[in-house]
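Novice: Provided herewith is a single structure, encoded as structure tokens, for subsequent inquiry.
The values are calculated or read from the model by the stated rules, or taken from the named source; none is laboratory data. Quantities reported herein were computed from a predicted structural model and do not represent experimental measurements. Note: ideal-geometry Cβ built from the backbone for every residue, glycine included; neighbour counts use all protein chains shown. Note: areas computed on protein heavy atoms with side chains; ligands, DNA, RNA excluded. Shrake-Rupley method; radii C 1.70, N 1.55, O 1.52, S 1.80 Å.
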Amino acid sequence: MALDNPALDGAASILIGLTLALTALLVARETKGLLIGEAASADIRDSIVTLAESTAGVTRVNGLITVQTAPQEITVAMSLEFADALRVPELEAIVIALENKIRKGHPEVATLFIKPQAHEHYEKLKPEDDPGYIEP
């Protein structure tokens, strides 16, 4: 109105529309992964594997699946092989200690599932087609 040029109003409207469309595309791209679930970053997965491998009584990390369910919320499922000589109370203590180590190092881990499993049995069932699966 100040410049007395109605073409500028049209151009400004088009620029505003493009800005809104670009913003919508960026928001859609970011939320898509959270809606359908995506794997946690490689750094977090590697750190969790390292924490598990450094825990006394854990013989091997068979596999790890992570799902980022919110910006600061991760669900972790692990298959671990434990030393054969362990009794149930010792196994429980190791799992609790590992859970504490992981939650201390990664407070974004909201849910943690640990499955004791022999490596041979895991190999028969490993979820290679799962996008969150990593080979330790």
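One line per residue, one yes/no per condition, for (1) open to solvent by 40 Å² or more (accessible area, probe 1.4 Å); (2) over 24 Å from residue 116 (Cα atoms); (3) touching a Cys at 6+ places or on another chain (Cβ under 9 Å):
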position	(1), (2), (3)
8	yes, yes, no
26	yes, yes, no
32	yes, yes, no
35	yes, yes, no
40	no, no, no
53	yes, no, no
58	no, no, no
66	no, no, no
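Quick grid of which residues meet (1) small (Gly, Ala, Ser); (2) assigned to a loop (DSSP other than H, G, I, E, B); (3) touching a Ser or Thr at 6+ places or on another chain (Cβ under 6 Å); (4) open to solvent by 30 Å² or more (accessible area, probe 1.4 Å):
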residue: 79; (1), (2), (3), (4): yes, no, no, no
residue: 97; (1), (2), (3), (4): yes, no, no, yes
residue: 103; (1), (2), (3), (4): no, no, no, yes
residue: 123; (1), (2), (3), (4): no, no, no, yes
